[in-house]
1. Just to be sure I understand, how many residues within the stretch 26-53 are exposed (fewer than 14 other Cβ atoms within 10 Å of the Cβ) and under 21 Å from residue 122 (Cα atoms)?
2. Which one of these is exposed (fewer than 12 other Cβ atoms within 10 Å of the Cβ) and among the aliphatic types (A, V, I, L, M): 113, 160, 78, 131?
3. I need the full set of residues from the stretch 173-183 which are open to solvent by 40 Å² or more (accessible area, probe 1.4 Å) and not hydroxyl-bearing (Ser, Thr, Tyr), in order please.
4. Do we have residue 167 as modelled with pLDDT of 85 or more, of a type in the set (Phe, Trp, Tyr) and open to solvent by 70 Å² or more (accessible area, probe 1.4 Å) here?
5. Within the stretch 123-142, is there a residue that is free of Cβ contacts under 8 Å to residues at least 24 places away in the same chain, of a type in the set (D, E, K, R) and farther than 30 Å from residue 45 by Cα?
6. Only one residue in 94, 60 is in contact with a helix residue (DSSP H, G or I) (Cβ under 6 Å, 6 or more places away or on another chain), at pLDDT below 90 and surrounded by 12 or more Cβ atoms within 10 Å (Cβ to Cβ). Which one?
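The values are calculated or read from the model by the stated rules, or taken from the named source; none is laboratory data. Bear in mind the structure is a predicted one, so any value in this text is a computation, not a measurement. Ideal geometry is used to build each Cβ from the backbone, glycine not excepted, and the neighbour counts take in all protein chains shown. Each accessible area value is taken on the protein alone, full model and side chains, heavy atoms only, with ligands, DNA and RNA left out. Shrake-Rupley method; radii C 1.70, N 1.55, O 1.52, S 1.80 Å.
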Amino acid sequence: MPKINGNEIRPGYVIEHQGGLWAAVKVQHVKPGKGGAFAVVELKNLVDNRKLNERFRSAESVERIRLEQKDYQYLYEVDGMLTFMDNETYEQIELQKDWVGERAAFLQDGMKVTVESHEGKALGISLPDQVVLEVTETEPTVKGQTAASSYKPALLSNGVRVMVPPFITTGEKIIVDTNEVTYLRRAD
């Protein structure tokens with residue numbers, strides 16, 4: 001694997017540190033008036049989600065890990081296990097729903113996802129940034145309320161709650177950001 005200097009670490013890089021795989025979440029470069037420059041890096045462990053703040057001097061070298069990315073198609077869920085299929089080889093893999101986290105609620109039949117792995121072990125999953133969902137329950141619009149920029153709670157077809165503008169009604173399809181879990185706009 002390629003070695004990089006400590007000051008070359010960028011957010012999103014995966015490095016090997018203290019015998020584990022860590023993803024750089026935030027990086028702040030510091031150049032003090034006295035002494036050498038260094039980078040303060042917030043790291044997140046890819047296996048157990050621990051967080052760590054570490055200083056890397058420009059003279060230090062770290063090993064950057066490249067994750068294998070492969071596209072899979074979501075098939076179904078059984079007993080807390082999510083099943084995905086490789087579209088090229090038709091090979092199926094199962095991941096625990098808990099491991100995918102709260103974003104598992106956005107998985108839809110046939111959805112294409114990207115699974116990141118290292119040495120055959122899945123480390124992360126990327127969903128599409130936006131999904132279309134139906135509003136199953138929301139408060140009715142109060143006349144005159146639409147002029148204000150107030151939002152109201154809405155329950156979506158996947159069980160997730162988001163805040164929507166007052167003009168959205170039950171039964172409408174909306175586009176939701178899967179990263180921020182927020183309303184974006186009405187679906188066409």
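1. Matching residues across the stretch 26-53 total 5.
2. The conditions single out 78.
3. Scanning the stretch 173-183 gives 173, 179, 180, 181.
4. So residue 167 fits the description; yes.
5. yes
6. Unique residue meeting the criteria: 60.
A quick yes/no check of all residues on (1) exposed (fewer than 15 other Cβ atoms within 10 Å of the Cβ); (2) within 24 Å of residue 14 (Cβ to Cβ); (3) modelled with pLDDT of 85 or more; (4) among the acidic types (Asp, Glu):
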site	(1), (2), (3), (4)
82	no, yes, yes, no
105	no, no, yes, no
109	yes, no, yes, yes
121	yes, yes, no, no
141	yes, no, no, no
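To keep it simple, each residue is scored yes or no on (1) among the hydroxyl-bearing types (Ser, Thr, Tyr); (2) within 29 Å of residue 99 (Cα to Cα); (3) not in a strand (DSSP E or B).
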site	(1), (2), (3)
10	no, yes, yes
16	no, yes, no
24	no, yes, no
35	no, no, yes
44	no, yes, no
49	no, yes, yes
